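Shown next, in structure tokens, is the structure this report addresses.
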Amino acid sequence: VISDPLSVPLACTVRGCGLPLRRNERALVCGRGHAYDIARRGYVNLLQPQDRKSRVPGDSKAALAARARLLAAGVGAAVVEACLARADVLIARHDSVVCDLGCGSGDLLGALATRRPIAGVGIDLSLPAIEHAARRFPDLDWVVANADRHLPLLSARVSLLFSLHARRNPAESARVLEPGGFLLMGVPAPDDLLELRTAIQGQPWTRNRMQALLAEHTPFFTLVDRWTTRTRQPLAREQILDLLVGTYRGVRTAAAGRAAALGATDVTLASEFVVFRRS
Ligand SMILES: [Zn+2]
């Protein structure tokens, strides 16, 4: 358990600054005097004005609630379990900084922190997601930030970085990891949600995201592990609708009408994972 929230190595997000953020009574402040209020719930918002214009505003409350219901019902639990087991092996020290990029509701870091002491920080563009995570896991650090360009972290300080079904930033991931640090990434497998996509679109498209991911990260990282989690389980109609609302994949809006006609169906949930070591 971290006794002092916001003890992780955060960096100022003012363009061209990047100095370490230190905590005072109610705010995080850098050496140039840029200050960020700590919210009552304990998280901090590091978004800059230019970030707020992002065309991808992050997860809505509806998407967040849908995913929370699914996870509570055990849908997607295999992914969390597999990542936790790997993380246990990869984290060497007890003061290790572990960061989840695109942390969403914070369940992965929250579960990891119940297994072992970590200095954990979750970063997400969605304010509702970070508020949700900070309320449930107050001993960890939660940050609203746009991780597309610069990660709000100091260089070479992170031991383990998660990026699951999130946007990719290989150069910045390499910058913030300590030498020998690990990046654990997950992407949907080509047959993920196959039955839903078939029902909604007539014929499912398949897209191999892993090839692009490997190519992007090879200049910075060494591949040390790779696996797939795959479950096929019966889902009720309500859970299928939650999957469509909560998914990152692009089926959500186009699907709404046809999804309403779906009944209970067996659905494949499949994700591919890799672990990279910083070269
Ligand atoms: Zn600054």
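Details
Per-residue answers, yes or no, for (1) part of a strand (DSSP E or B); (2) at pLDDT below 80; (3) within 30 Å of ALA156 (Cβ to Cβ); (4) not acidic (Asp, Glu):
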residue	(1), (2), (3), (4)
PHE182	yes, no, yes, yes
MET210	no, no, yes, yes
ARG226	yes, no, yes, yes
LEU241	no, no, no, yes
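- Among the residues listed as GLY181, GLY186, the single one being of a type in the set (Gly, Ala, Ser), buried (at least 17 other Cβ atoms within 10 Å of the Cβ) and over 15 Å from the mean Cα position of the chain (by Cα): GLY181
- Filter result for VAL121 (in contact with a Gly (Cβ under 7 Å, 6 or more places away or on another chain), assigned to a strand (DSSP E or B), surrounded by 20 or more Cβ atoms within 10 Å (Cβ to Cβ) and of a type in the set (A, V, I, L, M)): no
- Scanning the stretch 64-118 for residues that are surrounded by fewer than 22 Cβ atoms within 10 Å (Cβ to Cβ), without any contact (Cβ under 8 Å) to a residue 40 or more places away in the chain and either in a loop (DSSP other than H, G, I, E, B) or among the acidic types (Asp, Glu) (or both) gives GLY74, GLU81, ASP88, HIS94, ASP95, ARG116.
- Evaluation of GLY106 against the conditions (1) at positive phi; (2) modelled with pLDDT under 90; (3) of a type in the set (Gly, Ala, Ser) shows that the sole unmet condition is (2).
- Residues of the stretch 144-178 that are part of a strand (DSSP E or B) and surrounded by fewer than 22 Cβ atoms within 10 Å (Cβ to Cβ): SER159, LEU164, GLU178.
- Of all the listed residues (ARG32, ARG40), the sole one being more than 10 Å from the ligand (Cβ to nearest atom), modelled with pLDDT of 90 or more and in a loop (DSSP other than H, G, I, E, B) is ARG40.
- Qualifying positions in the stretch 10-27 - more than 10 Å from the ligand (Cβ to nearest atom) and surrounded by 17 or more Cβ atoms within 10 Å (Cβ to Cβ): LEU10
The values are calculated or read from the model by the stated rules, or taken from the named source; none is laboratory data. Since this is a predicted model, take the numbers as computed values, not measurements. A quick note on method: Cβ atoms are made from the backbone with ideal geometry, for glycine too, and the neighbour counts reach across all protein chains shown.
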